[in-house]
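First comes the structure, then the notes that go with it.
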Amino acid sequence: MRTNLIILFIVFLCLPLLVLSKIWYDKTTDSIEHSAKLFNEQIVRQMNGQLNAYFSDLERSTLPLIAHPLIKEFMSITENEAYNRFVVTRKIESELFQQVVFGRPEIFSFTLYSENGLHVSNQGAYLSDDNYETYMQLSNRANFNVMGIRWINNTPLLTITRKFTDTTHYQTSGLLVINLRLNEIWNIVNQVQLGNTGSIWIADSNNRIIYDRDLDKLGSQIPDWFTTQAYGLQENDTFIHKENKTDTMVIFNKSTYTDWSIVSEVPIQELNADLIELRNVTIWAALMLTLVASFIIGGYSLYITGSLSKLEKLMRQVQDGNLAINAPLRRGKELKSLYSGFNQMVWELRRLIEEVHTSQLREKELLLKQKESMLRALQSQINPHFLYNTLEMINSYAILEGFKPISRMATALADMFRFCMKDSMYVIPLQDEMDHVRTYLDIQKERFSDLQVDIHLEQEEGYHRVFTARLTLQPLIENCFIHGYEEHLLRPSYIGVFGQRVHDKYIIRIVDHGKGMPPHILRAYNSAFKAVDIDSISQRNQLSDEEKQHVGLMNVHARIRLLFGVHFGLYITQSDDSGTIITLTFPLNISAAVYSKEDPLCTA
């Protein structure tokens with residue numbers, strides 16, 4: 001069980017945590033890289049725009065020179081006009097060049113060439129490697145051209161050309177060459193900081209580097225890896241460059257004004273540095289939480305499994321028959337309830353075993369009593385036969401002597417003995433019970449000549465299907481003589497038996513004119529008659545000595561309910577000084593009666 005708990009803990013807690021962490025890290029990395037890409041693209045575009053604005057401003061600053069009279073005059077001077085050349089160049093240097101160079105410290109040299117081979121410069125000396133034909137060949141068809149990097153006196157310079165066009169003949173009449181220090185361009189680029197290790201470099205249209213933090217790369221060719229990986233990509237596209245086990249995000253943007261390529265390089269590791277730190281902190285926090293959770297859950301699991309193992313051992317002892325054990329109560333609602341339930345189960349088992357043992361002893365005792373009763377029954381069979389024979393002899397002598405009353409009484413008494421000797425729990429037709437009642441009343445009429453007997457039973461369809469228990473009516477009528485008349489020193493005067501069908505039941509009322517029972521006894525009996533089963537009848541039959549004189553009522557009621565169900569039995573309708581009326585309810589059809597057919601006492 002402990003192994004299963006560990007496996008469940010790993011499968012449903014640790015593994016999902018690792019998978020979710022990996023998914024979270026990948027998604028976050030992609031999001032950061034995408035945001036960094038957009039941010040770097042925006043920075044590169046802004047830098048490109050600033051450089052374009054710088055060169056556009058530089059180009060506008062040279063526009064006044066194109067239409068200036070001194071420039072036109074310089075362009076028309078030939079090599080033979082030495083004095084005129086001297087005067088004009090002095091004016092250009094003092095009036096024009098100083099005006100253009102003012103406020104632009106980045107201009108290293110400012111040289112004006114004419115198609116006649118003349119030139120003038122703010123440096124005052126002719127640069128040995130500068131010539132008009134070379135610049136004209138390198139310049140494209142545009143008027144303003146950024147040529148590239150050159151080194152003069154160990155200083156990197158950016159050369160820019162500006163063509164002069166003759167407005168009369170619309171032909172190129174000269175060329176302005178500007179050599180710029182890279183300070184201003186570097187200031188623009190250095191304003192951008194791409195993290196701690198990110199960098200920006202710029203390449204011209206000839207794939208030569210014109211800006212890089214490493215000055216040794218100025219004027220060199222761009223790296224081969226950039227040419228290879230950037231081939232076929234669109235502007236602002238991004239690719240990942242891998243070098244020395246370092247992944248670098250590369251973004252490039254091409255200027256439409258200068259035809260330069262501005263490239264930014266940012267290591268992926270730097271982009272994800274904060275995320276990696278957060279990931280590491282999260283991993284350590286998750287590990288600590290996992291360890292704490294493992295310790296807590298593991299300890300609690302060991303506590304639970306130990307408690308269950310202890311309970312299992314106790315159950316094995318119970319299984320081996322040791323019912324004297326008692327499980328100690330544990331802390332925790334569930335385990336406490338489980339151990340309490342175990343103790344309750346053991347206690348219940350002991351109780352049931354004791355009950356079974358007691359029942360077995362009672363069963364043996366009842367078996368002994370049954371055998372004793374059978375022996376007594378065998379012994380008592382001699383007496384009925386002796387009584388039957390004696391009554392037959394009395395009947396014979398009475399007939400011979402002509403004493404008919406004696407003969408009738410002897411015959412009636414023999415019939416009553418024969419009827420009473422059978423089992424009182426047998427179900428018999430109501431008509432047989434009424435025959436026994438009539439026999440009993442015939443004997444009573446011999447004793448009490450003024451006794452009036454009124455028997456009226458509705459014998460409509462279904463009367464023959466009315467059944468009752470043996471000796472249910474006759475004991476009630478006998479109670480009328482004993483408790484209604486004789487106890488009150490009254491001579492029996494009237495006995496009535498009436499029966500009628502009511503729906504699916506048959507109702508019999510027994511009426512006498514004797515003195516009835518007290519009201520509290522009447523209420524006690526009617527309350528006891530409402531009991532549902534025979535056990536509750538016995539429990540509620542806690543009668544006083546006066547009430548116990550009528551115990552035959554409870555006996556008859558109990559037998560009727562036992563045979564036919566709770567819907568049938570006795571009820572005392574009336575009992576006062578004018579007489580008593582007892583009502584009995586029987587099923588109209590015995591098949592509708594509710595009683596256990598497995599009970600041998602209920603077999604008809």
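Looking only at the range 265-280, decide whether some residue is at pLDDT 75 or above, in contact with a Phe, Trp or Tyr (Cβ under 9 Å, 6 or more places away or on another chain) and outside any helix (DSSP H, G or I). Scanning the range 265-280, I find at least one residue that is at pLDDT 75 or above, in contact with a Phe, Trp or Tyr (Cβ under 9 Å, 6 or more places away or on another chain) and outside any helix (DSSP H, G or I), so the answer is yes.
Taking every residue in the range 299-321 that is of a type outside the set (Lys, Arg) and pairing it with any residue that is surrounded by 17 or more Cβ atoms within 10 Å (Cβ to Cβ) and in a loop (DSSP other than H, G, I, E, B), at least 6 positions away or on another chain, the pairs with Cβ-Cβ distances below 6 Å are Ser307/Arg330; Leu314/Ala327.
Okay, residues lined up against (1) at pLDDT 85 or above; (2) touching a helix residue (DSSP H, G or I) at 6+ places or on another chain (Cβ under 7 Å); (3) more than 22 Å from His436 (Cβ to Cβ):
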| residue | (1), (2), (3) |
| --- | --- |
| Ser538 | no, no, yes |
| Glu547 | no, yes, yes |
| Leu562 | yes, yes, no |
| Phe568 | yes, yes, no |
| Thr585 | yes, no, no |
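Would you please name the residue that is surrounded by the most Cβ atoms within 10 Å (Cβ to Cβ), looking only at residues in the range 242-264 that are in a strand (DSSP E or B) and of a type in the set (Lys, Arg)?
Step one: of the range 242-264, the residues in a strand (DSSP E or B) are 242-243, 246-254, 261-264.
Cutting the leftovers down to of a type in the set (Lys, Arg) gives us 242, 254.
On the way: Lys242: 11, Lys254: 16.
Filtering the range 242-264 for residues that are in a strand (DSSP E or B) and of a type in the set (Lys, Arg), the one surrounded by the most Cβ atoms within 10 Å (Cβ to Cβ) comes out as Lys254.
Answer yes if at least one residue in the range 50-66 is closer than 19 Å to Asn187 by Cα and free of Cβ contacts under 8 Å to residues at least 24 places away in the same chain, and no otherwise. Yes, that holds for at least one residue. Whenever a residue of the range 212-224 is assigned to a helix (DSSP H, G or I), its partners that are not polar (S, T, N, Q), lying with C-beta atoms within less than 7 angstrom and at least six residues away or across chains, give the pairs Lys217/Ile209. Output the residues belonging to the range 286-331 that are under 30 Å from Ile353 (Cα atoms), hydroxyl-bearing (Ser, Thr, Tyr) and in contact with a helix residue (DSSP H, G or I) (Cβ under 6 Å, 6 or more places away or on another chain). Selection gives Ser307 alone. The residue of the range 90-139 that is surrounded by the most Cβ atoms within 10 Å (Cβ to Cβ), among those that are at pLDDT 75 or above and assigned to a helix (DSSP H, G or I), is Ile92.
Filtering the range 465-475 for residues that are under 18 Å from Thr583 (Cβ atoms) and aromatic (Phe, Trp, Tyr) leaves a non-empty set. So, Thr167, is that one at pLDDT below 75 and out of contact with any Asp or Glu (no Cβ under 9 Å at 6 or more places or on another chain) or not? Against the criterion (at pLDDT below 75 and out of contact with any Asp or Glu (no Cβ under 9 Å at 6 or more places or on another chain)), Thr167 qualifies. Scanning the range 174-198 for residues being surrounded by fewer than 17 Cβ atoms within 10 Å (Cβ to Cβ) and small (Gly, Ala, Ser) gives a total of 1.
For residues in the range 29-49 being among the polar types (S, T, N, Q) and surrounded by fewer than 16 Cβ atoms within 10 Å (Cβ to Cβ), which is nearest to Val146 (Cα to Cα)? Break it down stepwise before answering.
The initial filter retains those residues of the range 29-49 that are among the polar types (S, T, N, Q), namely 29, 31, 35, 40, 42, 46, 48.
Okay, now just the ones that are also surrounded by fewer than 16 Cβ atoms within 10 Å (Cβ to Cβ), so 31, 35, 42, 46.
Details: Ser31: 39, Ser35: 34, Gln42: 24, Gln46: 20 Å.
Among residues in the range 29-49 that are among the polar types (S, T, N, Q) and surrounded by fewer than 16 Cβ atoms within 10 Å (Cβ to Cβ), the one nearest to Val146 (Cα to Cα) is Gln46.
The values are calculated or read from the model by the stated rules, or taken from the named source; none is laboratory data. The structure displayed is predicted, hence computed values, not measured ones. Cβ: placed from backbone, ideal geometry, glycine included. Neighbour counts: every protein chain shown.
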